[in-house]
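The values are calculated or read from the model by the stated rules, or taken from the named source; none is laboratory data. All of these numbers come straight from a predicted model, not from anything done at the bench. Note: ideal-geometry Cβ built from the backbone for every residue, glycine included; neighbour counts use all protein chains shown. The area values use the complete protein model at the heavy-atom level, side chains included, leaving out ligands, DNA and RNA. Shrake-Rupley method; radii C 1.70, N 1.55, O 1.52, S 1.80 Å.
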Amino acid sequence: MKGELKLLLNQRQLEIVLELFENPDTYMTASYFSNKHQCSLRTIQNDIKQIKLEMSSVDCVTFESVARKGCRIIIGDSDQFLALKDSYYQQFSSATINYPNERISQLLHLLLKEHRAVSLYDLENTIFVSRSTLLNDLKTVSDIIGRYNLELLRSSNKVMIDGNEISKRLCMMDQNLIIANNIVALAEQSPNAPIEKIKNILVETLISFKHPVTETALNNSIVQIYVALQRMQDWFFIAPSELKFTEDLEPERPIAQAVFDRISKEYFIRIPDAEVDYFALYMKGQGSFNTSDIISPDIDNLVLDALSAIREQHGVDLTDSLNLRIALSLHTTSLVVRIKYDMQLKNHLVDYIRQSFPQGFDLGIYFASHLQKVFHKTVSDDEIAFLAIHLYSALARQHQADGTKKIMVISSMRQSENILLRQTLLNWFSDVVAELTFKMPEMIDEDDMDQYILLTTEKNKFYDAGLAFYVDPFPERQDYLNLKLAIDGFQSIDDITSIFYQELYHVQSEKHRETIIQQMCRNAAGYFEIEFQSLEDTVFERDNMRSTYWGNGIAAPHPLKAVSSDTFVAVTVLPQAVAWDKEKHMVNLVLMVCIGKNNPKAFQLWNYLAKVFTDKNFVKRLLPNPDYRHFIQLLKDTISLM
């Protein structure tokens, strides 16, 4: 049995991995980690062995350990590495949520995945605890599983969990074991991801049977099938003797059979009738919230309302991402309890997450503000960092989806009056746009909204609702820059640096945050002909919600809501550092980031700024020569490393 137990990295090990990932090519010693995590050198050495084993199955990085130097990560494939780092942040989020019961959860996870008894010796070596600690933990495990009519069977040196499969699954779901140990799979949204395949199979089957279902019921059913699939792939099946029901399973039984027939073909697994009957019984109980549901209607609605508020206020629409909604609902279920009873978690990587995923963190603030309105309690930055990981992952997937570019201009002007605009747009974008169409506002339908990038020559209901990007009927160079970003996103480093305008770059000796922001708003409003008061109000509204300090001497104030179509960054360099917030974080560089209204592609800017936020030496290199050209060159050098 020795060597066969497969254990996910624990919270401390994930912190070590992420610190190595944030400092690639840099050697870090076991003594350093021992002091930082306040544990023995032997414990850290065991952690490093576990990490080395984990990294041996990864292609995009090499884990290197050298005597007297320490260990380090060497990046092979940069793109794959970024995805890998993202997945480990999500694992860290899951591990931290289960802390401090992490070791108990690990034991439950290990024992419930084994068909035979496990030796105590193997368990000791897998979770790195003494025999006495293990025996105490097993008493806790016995108490937990007893709630589900399961029993811990123990001999002198072996242990196993005994009971029926339905009870084991209820235990795993109720104790958050399936979700916690599959957080990355649940967040993935590629066509081949299990959760995506299950969703498509279930939706298509329900449609073919014309069987109505609520969104909450759909989400819960997806999770139920995912859990069943995971267990069946490990050769755990529901036995016919476990099912004792008198209900008529029509019409759910044929639907369940059709779903599992497709699951069987997709995953090459023979599915017994008892599994089909159990899912049919589960579907029949979906008329109201029941004990085997993971996501309640209240939580599902809470998440959807928060995402809808983000869409309305910030022009970022994530409401259709079913994977995100499931992940956030599962996370929010436990978060609500922590908020209500003042049990919010600490997140040791909050600064890393804030700097590495700034847009995700900012959306996490908006999501948390919605929870605060409901529960009248403040959500901590530590908890927001967990939300940020889910939101960033969804944003990254959204940015990757880019199909054929077709443009429709909504305009009340006659065709003859649109000729200049038509020709100008064709001259600018003929190489990237496959179709350019003009329509009157009253002729727009839902198909147009789905198939086209919408522009409008009037600030009408389509503009106000965040559906169309404004374009001047007589466009100039600034319109070109805004439209290029809206249509094509950032295609080069020059595209990025072009929105850092020299006219909005200043070196100041001001000592007060409010005055600095006010002056930056005034300069930007004058340059872009924006209403100053509207810009100032929305920037301070966001600034007063939560600190806009992002680390390493950099602050990035920004509007809570877009007030114009212009995307730009105003820069103020402060040779004398200024205390920026209540925590007295000292700031030498202020980047006021303004994303154009209804321009979701411009949000990619935050991904590039993350490289600046995480660069510990950017400000140090800038201050000796705070000239605009020097700043732009530093910016190019930093971004080019991505």
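Compute the accessible area per residue over the chain, keeping the other protein chains in place, probe 1.4 Å, unit Å².
Per-residue value: 46 Å².
Read phi for every residue in the range 201-218 and hand back ³J(HN,Hα) as whole Hz from Karplus 6.51 cos²θ - 1.76 cosθ + 1.60, θ = phi - 60°, with x for Gly and Pro.
Result, rounded to whole Hz: 4, 5, 4, 4, 5, 4, 5, 5, 8, 6, 9, x, 7, 7, 4, 4, 5, 5.
Rg and Dmax in Å for the chain, alpha carbons only: what are they?
Values for the chain (Cα only, Rg and Dmax): 27.3, 91 Å.
Would you list HIS109, HIS506 from the most to the least accessible area, probe 1.4 Å?
HIS506, HIS109
If GLU204, GLU54 are ordered by their accessible area, calculated over protein heavy atoms with a 1.4 Å probe, which sequence runs from highest to lowest?
Putting GLU204, GLU54 in descending order of accessible area: GLU204, GLU54.
What number comes out for the charge environment of ASP381, summing +1 per Lys or Arg and -1 per Asp or Glu over other residues with Cβ under 13 Å away?
With Lys, Arg at +1 and Asp, Glu at -1, the net is -2.
If you take every DSSP beta bridge fully contained in the chain, what fraction is antiparallel? Give it as a percent rounded to 5.
60
For THR424, what accessible surface area do you get with a 1.4 Å probe? Give it in Å², rounded to 10.
Surface open to solvent at THR424 totals about 30 Å².
Within the set of other residues whose C-beta is less than 14 Å from the C-beta of LEU622, count the net charge using Lys and Arg as +1 and Asp and Glu as -1.
Taking every other residue near LEU622 into account, the sum is +2.
Within the accessible area of the chain, what % is carbon and sulfur when the probe is 1.4 Å and the other protein chains stay in place?
Roughly 48 percent, rounded to a whole number.
Take the residue pairs LYS582/LYS620; LYS484/LYS561; LYS405/LYS459; LYS113/LYS199; LYS405/LYS484 and return only those whose Cα atoms are more than 18 Å apart.
Over 18 Å Cα-Cα: LYS582/LYS620; LYS484/LYS561; LYS405/LYS459; LYS113/LYS199.
Could you work out the relative contact order of the chain, using alpha carbon pairs under 8 angstrom and six or more residues apart, expressed as a whole percent?
9
Count the net charge of all other residues whose Cβ sits under 12 Å from the Cβ of ARG522, scoring Lys and Arg as +1 and Asp and Glu as -1.
My count for the surroundings of ARG522 gives -2.
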